[in-house]
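To start, the structure itself, in structure tokens.
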Ligand SMILES: Nc1ncnc2c1ncn2[C@@H]1O[C@H](COP(=O)(O)OP(=O)(O)OP(=O)(O)O)[C@@H](O)[C@H]1O
Ligand SMILES: Nc1ncnc2c1ncn2[C@@H]1O[C@H](COP(=O)(O)OP(=O)(O)OP(=O)(O)O)[C@@H](O)[C@H]1O
Ligand code: SF4
Ligand SMILES: [Mg+2]
Ligand SMILES: [Mg+2]
């Protein structure tokens, strides 16, 4: 299932997402975001709440909320630009080729349709299954996400299910057609850790077996460590650091990444104090000039507020957008 | 079942529930009257006893769908139990709460999207609450609202915004600000930090700790992230399929789990460093249906230690050590199996 000709299944280039205001002025929320995901690769996106992770995923899926638009950039899937292709073609990709698992399942599920029927809809439409076959597939997908008594639960409406069950319905729906690209927005936060482990293994297996690529947005750094090989860290609408997960966690080269790691609880180090990042995240409408992290950064120097640091390779395999990256050499315990 | 609770004879609990059950569905279904399609009642809570002590942070963890949110909703009075009792400071809580009782017990819901009124600006939402419960005089409403927003890491300028204009994590912070605005005694927080980035999460955890220290707030904290639970809570209660199967102090429960389900949870925790998942206690088998709770120990079909007695006896929650309760017949046997040492698993 790999893509020929070296073009990654997903290649995002200089993506800028924002609001177009009356009078032609526009406000960028996500700015110049670029990343590639290879077949079978699993990319984790972490970062500040409100930094644009969900909007980035939604832009790839073509599901931006009303009023929010892609202002510039390219989103290529298997070599074709999703942003310029006819809407009909793009819609046809959603489900069989690209699937998305949303952060808030309640808003993505149809409240008046039985969940089993919602899962069966895709396979019936895209895989040409009969209604009966699709229903059976739906029940077996539900079983694979660890839903107890799936045949009976298939007949439930979303409001009759617990948060974790609803989230697994979404996951079953997303993987039911065997997509090549799976976009996950916090897919496991509502699950207990035993089910989370089961779901993460299911996603991993899908990637390993079919070469599907995964983009995984989460706040749980331990889940990223366990599931993803690649990492992108977002702050205020920008990717500020990118590299391998293990290396980056060991030795972050952007002060924001480092601060993030220092504020995260680590089960194996319960005694470690959690240090929140001081101050507030910048408002998208008036970002500070220069580095967006400068007002909260412990490494800040004068030049940081004068220009925006570009995202550059700081060590082999690692990109960071920080003028002072060379000073971050400490290895975290 | 009160002899198994290790509280002193005088009732010192802020909130206590005893023999609580909650069933959904049932009698109304024509299929069940015809005797077809199996039982149609779902037992979300099947005999729960728990107390929340003054000024403590009690974590409620466990299986998805085990009844944690249901218990929380009963505690704040937004749903009624099928049977059993809820008492607040020793007095039985009426099923219809007056304004004062509902002010004292506040909840942060699991899904902040559906719990915020989309037609109210943040400023209006907070002002209405502060005035309704006479928290501050009218002229101080704005200042108090800003103070609350700052407490949860938001700035003054969000006062004029509507819930739809916020990201998931920002909405969750609004829900927390709204709950603490009315200065409750008890906060029931249903996964309050799972949608937050770790820095904001650290701020909220610090906020909970200081609210407890300064206002004596008692907090029931529902969470799946056990690293967060370990960090924040004083005690942990573990739920499985409508029952509490283990309760102990935080340090104790993670060091010496005495129920195999707790052990499976601990062994499934994702780790920040190496991937140290231990397969021995990985749960296999179908998770049981809440429509057909297994006979005997409800965990036996998935339990690595299950024996004949487990299939026959439904184990009660009993004291297995100082301030440590477990509903496992083989709690002692489990204690003899050491936890993996993550340090030894590094390659
Ligand atoms: N429909 C909308 N209209 C206007 N602004 C929006 C809209 N949706 C999101 N935003 C803004 O865009 C920014 C990015 O939002 P996004 O949902 O992508 O954040 P996120 O990184 O996913 O955060 P979280 O971790 O909290 O989910 C936020 O500051 C938010 O306020
Ligand atoms: N209104 C309802 N009608 C029917 N069943 C319900 C209803 N609300 C909850 N349930 C069922 O009751 C059980 C307990 O649900 P609850 O939401 O309390 O679980 P939970 O422990 O909070 O799970 P999670 O960790 O996934 O949020 C689940 O099986 C759920 O499907
Ligand atoms: S009672 Fe038996 S089946 Fe139940 S948890 Fe203990 S060992 Fe396992
Ligand atoms: Mg988001
Ligand atoms: Mg719940």
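Quote the convex hull volume per residue of region A:105-178, based on C-alpha atoms, as a whole number of Å³. Before the final figure, lay out the partial values.
On the way: hull volume 5.5 nm³, N = 74.
About 74 Å³ per residue, rounded to a whole number.
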Check: C-alpha center region B:42-96 vs C-alpha center region B:118-161, spacing in Å is 29 Å
Helix B:122-132 sits off the longest principal axis of the Cα atoms of chain B, rounded to the nearest 10 on a 0 to 90 degree scale, by 90 degrees
Under the helix-only model (-39500 (n - 2.57) for each DSSP H run of 4 or more, divided by the residues of chain A), the mean residue ellipticity at 222 nm, to 500 deg cm²/dmol, is -9000 deg cm²/dmol
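Per residue, how big is the convex hull around the C-alpha atoms of region A:1-160? Give it to me in cubic angstrom, could you?
Working: hull volume 25.4 nm³, N = 160.
Spread over its residues, the Cα hull of region A:1-160 gives 159 Å³ apiece.
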So the pair-distance distribution of the protein assembly as shown, from every Cα-Cα distance in 10 Å bins, comes to percents of 3, 15, 25, 27, 19, 9, 2, 0
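Give the Kirkwood hydrodynamic radius (Å, one decimal) of region A:254-333, defined as one over the mean of 1/r across all pairs of different Cα atoms.
For region A:254-333, inverting the mean 1/r across all distinct Cα pairs yields 14.0 Å.
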In a Gaussian network model of chain A with springs linking alpha carbons closer than 10 Å, the residue among A:78, A:52, A:44 that fluctuates most is A:78
Between the Cα axis of helix A:131-144 and the main Cα principal axis of chain A, the angle (0 to 90°, nearest 10) is 50 degrees
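Across every pair of different alpha-carbon atoms, what Kirkwood hydrodynamic radius in Å does chain B reach?
That comes to 21.6 Å for chain B.
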Rg (one decimal) and Dmax (whole number) from the Cα set of region A:188-263, in Å, equal 13.3, 37
If each part is reduced to its alpha-carbon centroid, region B:209-275 and region A:298-313 end up apart, in Å, by 41 Å
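Need one number: convex hull volume per residue for region B:37-125, Cα atoms only, in Å³.
Values: hull volume 15.2 nm³, N = 89.
Cα-based convex hull of region B:37-125, divided per residue, equals 171 Å³.
Below 8 Å, C-alpha to C-alpha, sequence gap of six or more: please give me the relative contact order for chain A in percent.
Values: 633 pairs, mean separation 64.7, N = 333.
Reported relative contact order: 19 percent.
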Mean 1/r over distinct Cα pairs of chain A, inverted to a Kirkwood Rh in Å, yields 20.9 Å
Between the Cα axis of helix B:198-215 and the main Cα principal axis of chain B, the angle (0 to 90°, nearest 10) is 80 degrees
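Taking every eigenvalue of the Cα gyration tensor of region B:169-283, multiplying by 5 and rooting it, what semi-axes result, largest first, whole Å? Please report the intermediate quantities before stating the final value.
Working: eigenvalues 148, 56, 31 Å².
Output for region B:169-283: semi-axes of 27, 17, 12 Å.
No lab work stands behind these numbers, since they all come straight from the coordinates. This is a predicted model, so every value here is computed, not measured.
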